[in-house]
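A short worksheet on the structure shown next.
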Amino acid sequence: MAKQNKTQVTAVNVTDFINDFVDNELKKQDSFSLIALMQEWSGFEPKMWGPTMIGFGSYHYKYASGHEGDAFLIGFSPRKAQFSLYVTALGHDNQHMLNNLGKFTMGKACIYFKKLSDLNLPVLEQLCKETIKFVMSYEL
């Protein structure tokens, strides 16, 4: 039997999640602003993926190993310590964007930042749109 992905779309209302989960007023405002921006940039409605991730759009992937599933194109999570931003920053082509993105740190699969004002929004928009373009070009 195939292993099911942990991160799947849920029926949880995004607004309810933000209001219930986020206890810092600035982070709550930043969350709603980021939702509006990512919705505009992606053209997709926000949906909850798993218990704490807000994703926009979706795509299907399949690895050579046979593992496959669905994931969101771009998204974020308003974690307690900082935001986790899920965008693809692969290759040297996006390095110039990362250099101009603002105050953040990189993890293996995401970008961490404390508040939205730490980021250069036009660069974030470009990075989100490039992520969508990149992911859609490899969709099965």
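Quick note: the coordinates plus some simple rules give every number you see, no bench work behind them. In this text, all values refer to a predicted model and were calculated from it rather than measured experimentally. Note that we place each Cβ from the backbone using ideal geometry, even for glycine, and neighbour counts take in every protein chain shown.
With point charges of +1 on the Cβ of Lys and Arg and -1 on the Cβ of Asp and Glu, referenced to the Cα centre of the chain, which listed residue (110, 134, 43) lies farthest in the positive direction of the dipole?
Checking the options against the dipole of the chain, the answer is 110.
Work out which helices of the chain, taken as complete DSSP H runs, extend at least 15 Å along their axis over the Cα atoms and score a mean Kyte-Doolittle of -1.0 or more, then list them. Display every interim value, and only then the final one.
On the way: long enough: 25-42 (25 Å, -0.34); 121-138 (26 Å, 0.49).
Those that clear 15 Å and a mean of -1.0 are 25-42, 121-138.
Can you pull the one-decimal nm distance between simple spin-label points at residue 32 and residue 79, each 7 Å off the Cα toward Cβ?
About 2.5 nm, to one decimal.
From the P(r) of the range 36-140, could you give the percentage of C-alpha pairs in the tail past 17 Å? Kindly include the intermediate steps, with their values, before the conclusion.
On the way: 2896 of 5460 pairs.
Pairs farther apart than 17 Å: 53 percent.
State the answer as a single residue: which of 101, 58, 11 lies farthest towards the positive end of the charge dipole of the chain, with beta carbon charges of +1 for Lys and Arg and -1 for Asp and Glu, about the Cα centre.
Checked the options; the winner is 101.
Would you mind computing, in nm to one decimal, how far apart the modelled labels at residue 44 and residue 63 are, each placed 7 Å from Cα along Cα→Cβ?
Distance between the two pseudo-spin positions: 2.0 nm.
Under 23 Å Cα-Cα from residue 28, which lysines qualify once same-chain neighbours fewer than 8 residues away are excluded?
Within reach: 47, 80, 103, 114, 115.
Can you give me the relative contact order of the range 38-134 as a percent, contacts being Cα pairs under 8 Å and 6 or more apart? If you can, show how the numbers build up before the last one.
Details: 156 pairs, mean separation 23.3, N = 97.
Reported as a whole number, the value is 24 percent.
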